[in-house]
Amino acid sequence: MNEIDGQLVLQVEGRLAGAFELELLKDCWQAARAKQPNRKILVDLKSVTCIDQAGRRLLQSMHGNGVDFLGAGLATQDILEQVMERANTSEALDA
């Protein structure tokens, strides 16, 4: 975890797949939210090499709760666009 311009940045590297990795990210995110609920959280995915379906669902949930993402690779950017689109669609259906 780092801080940039008052935002808490969670850096993720390697695979965002598998129960352990996803649980670790989820725990870090929820701990950060609990400690400082009004603080903006940013997840840096620039060093992520793979995101599985469960990882996409976690990112969708995080985005729906106000988290923003940084992603550099084309594949990661494409996944993030899909995640944000689905989160926005879910929010519209819930309204």
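Read-outs: derived from the displayed coordinates by stated rules, not from any lab. The structure presented is a predicted model; accordingly, all values stated were derived computationally and were not measured. Every residue, glycine as well, gets a Cβ built from its backbone with ideal geometry; the counts of neighbours run over all protein chains shown.
State the number of residues belonging to segment 68-82 that are part of a helix (DSSP H, G or I) and touching a strand residue (DSSP E or B) at 6+ places or on another chain (Cβ under 8 Å).
3
Does segment 34-48 include one or more residues that are more than 21 Å from Arg86 (Cβ to Cβ) and part of a helix (DSSP H, G or I)?
Scanning segment 34-48, I find at least one residue that is more than 21 Å from Arg86 (Cβ to Cβ) and part of a helix (DSSP H, G or I), so the answer is yes.
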